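Please treat every number below as a calculation from the coordinates, not as lab data. No experiment lies behind these values; they were computed from the predicted model shown. Quick reminder, even Gly has a Cβ in these numbers, built from the backbone with ideal geometry, and neighbours come from all protein chains shown.
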Amino acid sequence: MPRVTILPAEAVCEASPGDTLLDAGHKAGVEMEAGCFNCSCGTCVVEVVTGANHLEPPSDEELDVLDAWSRDPDRFRLACAARVATGDVSIRQLD
Ligand code: FES
């Protein structure tokens with residue numbers, strides 16, 4: 001099972017493939033910032049520290065929201081939309 005580490009809390013959980021990063025935060029017991037839960041508000045943005053290639057690629061909708069917030073999709077993802085695929089991932093919550 002892929003492991004997701006959430007910084008700065010250093011909380012870790014085992015995620016199922018297809019879980020969103022928000023789901024992983026839940027499993028790890030970390031309160032994650034989120035608003036719409038539907039890939040439109042951008043409040044759930046997180047930095048992907050390692051393992052970006054272990055996430056499913058962003059949808060056009062996610063890319064549009066990241067662009068609206070001037071966030072580089074190679075470094076940032078929306079936790080409500082980015083889904084774990086096959087490997088370990090580390091993310092950092094933003095202040
Ligand atoms: S919670 Fe609104 S975009 Fe993720």
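A few comments on the model shown:
- Other residues with beta-carbon under 13 Å from the beta-carbon of Thr5 carry, at +1 per Lys or Arg and -1 per Asp or Glu, a net charge of -1.
- Across the chain, Cα pairs under 8 Å and at least six residues apart give a relative contact order of 40 percent.
- Translational diffusion coefficient of the chain (Stokes-Einstein, Kirkwood radius from Cα pairs, 37 °C, 0.692 mPa s): 259 µm²/s.
- Radius 15 Å from Cβ of Leu63, net charge of other residues (Lys, Arg +1; Asp, Glu -1): -4
- Where only DSSP H runs of four or more residues are counted, the chain gives -5000 deg cm²/dmol as its mean residue ellipticity at 222 nm, each run worth -39500 (n - 2.57).
- Which of Asp64, Asp95, Asp72 has the fewest Cβ neighbours within 10 Å, and the rest in rising order: Asp95, Asp72, Asp64
- Residue exposure sequence - Asp23, Asp60, Asp74 - by fewest surrounding Cβ within 10 Å: Asp60, Asp74, Asp23
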